[in-house]
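Structure first, commentary second.
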Amino acid sequence: MKVIHLAIATNEIDKSIIDYTERLGVEPSIVIPNEYALWRTRQINLSIRQDPNCNPGELRHLGFEDSTADEFTTSTDVNGILWESFTAEQQADEINEFWPFANYQPTMIA
């Protein structure tokens, strides 16, 4: 199964978590206080990150959560947009590598 991944920068992580939780109708799968949040649904894999290298609301990258991905891959499209492809477990590995204290384990999408 492929689910679109959308990664957005924010400078107001707490307000963004409230907003996207309401819009998506589900709680985030993981929150790293003051830095990151991730929602996984059947329609979207959405992450937001407090990123000083990006403007608020700026697209950080796109991709697919793909249950058949052999490895975490990246590529850049003709418009210069970074695309990632990964399984839920590969994304969890990346999260746990960046924030070792998170100990994030993905759960099944409801």
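Among residues belonging to segment 61-75 that are of a type in the set (Asp, Glu) and more than 20 Å from Phe98 (Cβ to Cβ), point out the one that is most open to solvent (accessible area, probe 1.4 Å). Spell out the reasoning first.
To start, the set of residues in segment 61-75 that are of a type in the set (Asp, Glu) comprises 65-66, 70-71.
From what is left, the residues that are more than 20 Å from Phe98 (Cβ to Cβ) are 66, 70.
Numbers: Asp66: 19, Asp70: 147 Å².
Among those that are of a type in the set (Asp, Glu) and more than 20 Å from Phe98 (Cβ to Cβ), it is Asp70.
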Quick one: Glu58 ticks every box in (1) surrounded by fewer than 15 Cβ atoms within 10 Å (Cβ to Cβ); (2) in contact with a helix residue (DSSP H, G or I) (Cβ under 9 Å, 6 or more places away or on another chain) bar one, so which box is it? (2)
When every residue in segment 11-41 that is touching a residue at least 60 places away in the same chain (Cβ under 8 Å) and in a loop (DSSP other than H, G, I, E, B) is compared, the one least open to solvent (accessible area, probe 1.4 Å) is Thr41
Among the numbered conditions (1) more than 13 Å from the chain's Cα centre (by Cα); (2) open to solvent by less than 30 Å² (accessible area, probe 1.4 Å), tell me where Asn45 comes up short. (1)
Just the residues that are farther than 21 Å from Arg60 by Cα, open to solvent by 40 Å² or more (accessible area, probe 1.4 Å) and touching an Asp or Glu at 6+ places or on another chain (Cβ under 9 Å), please, taken from segment 76-110. Gln105
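Quick one: would you say Ile8 is outside any loop (DSSP other than H, G, I, E, B) and open to solvent by less than 50 Å² (accessible area, probe 1.4 Å)? Let's see the steps before the verdict.
Details: outside any loop (DSSP other than H, G, I, E, B): yes; open to solvent by less than 50 Å² (accessible area, probe 1.4 Å): yes.
It is true that Ile8 is outside any loop (DSSP other than H, G, I, E, B) and open to solvent by less than 50 Å² (accessible area, probe 1.4 Å).
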Among the residues that make up segment 59-73, is at least one of them in contact with a Leu (Cβ under 9 Å, 6 or more places away or on another chain) and in a loop (DSSP other than H, G, I, E, B)? no
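Could you tell me whether Asp51 is charged (D, E, K, R), out of contact with any His (no Cβ under 7 Å at 6 or more places or on another chain) and either open to solvent by 70 Å² or more (accessible area, probe 1.4 Å) or at pLDDT 95 or above (or both)? Talk me through it step by step, then tell me what you get.
Numbers: charged (D, E, K, R): yes; out of contact with any His (no Cβ under 7 Å at 6 or more places or on another chain): yes; either open to solvent by 70 Å² or more (accessible area, probe 1.4 Å) or at pLDDT 95 or above (or both): no.
Here the answer is no, as Asp51 does not meet what is asked.
The values are calculated or read from the model by the stated rules, or taken from the named source; none is laboratory data. Everything quoted here is computed from the prediction, not taken from an experiment. Every residue, glycine among them, receives a Cβ derived from its backbone with ideal geometry; neighbour counts consider all protein chains shown. Calculation scope for accessible area: heavy atoms of the full protein, side chains included, ligands and nucleic acids excluded. Shrake-Rupley method; radii C 1.70, N 1.55, O 1.52, S 1.80 Å.
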